[in-house]
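First the structure, in the form of structure tokens, and then the observations on it.
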Amino acid sequence: MLITTSRRPGRLARAIGREFATVIPKSDYLPRGSKPVERVAAAARSRGQKTVLIVESSSRRAPGFRFIEVGNVGWRWLDAMVELGEVKLRRGNRRDRSKDLKIYSEGKTPREFAEWIGKLFGAATVEKLPAAGVVVLVTSDDGIGVRFKVFPNDIVGPAFRVTAFGNLPKDKPATE
């Protein structure tokens, strides 16, 4: 997965993107700058990435994620979005990333989110906490909470609350 930001990102969007790249296996962070979406898609294609995660954040808007699917020739916006509430950054630098990401959830709504985001991340959801490796913990404490952990006891990556997720309404235009 290629991870980048929206066209005019806030500092938080850039920080979230860099941290995600440290915990999502086989991912790269690409600073967006003034690159149009076509150049971001071309960069993903040249790196063998099929999905682009765009971290959106500005002083006027809460942080969130949008996604692009990259094909052999073109690209398209996926009608999927995640809106975030509170975000905590770990500011860690984890170079020895796992090659495999698992998603573990507790409860019905967190399970729905875990399965939905697992499809976008290309990660498997698991019924039991694994003894080792990178795990995305999805909980239902005050909404949907997400943390990244390298078992047995190392917390890595951003932790955040999801305020909304799902498919965009069909009449909502894709924006940058």
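Within region 27-40, the set of residues being over 16 Å from the mean Cα position of the chain (by Cα) and not in a helix (DSSP H, G or I) comprises G33, S34, K35, P36.
Looking only at region 10-26, count every residue that is under 18 Å from F160 (Cα atoms), in a loop (DSSP other than H, G, I, E, B) and not aliphatic (A, V, I, L, M) and tell me the total. Count: 1.
The set of residues from region 41-83 being crowded, with 16+ Cβ neighbours inside 10 Å, in contact with a Leu (Cβ under 8 Å, 6 or more places away or on another chain) and not in a strand (DSSP E or B) comprises A43, A44, Q49, S57, P63. Within the set I16, I3, the sole residue that is within 13 Å of I68 (Cβ to Cβ), under 17 Å from the mean Cα position of the chain (by Cα) and touching a residue at least 24 places away in the same chain (Cβ under 8 Å) turns out to be I3.
Laboratory data are not the source of any read-out in this text; all were calculated from the coordinates shown. A quick note: this is a predicted structure, and the numbers were derived from the prediction, not measured. Using ideal geometry, Cβ is built from the backbone for each residue, glycine included, and neighbour counts are taken over all protein chains shown.
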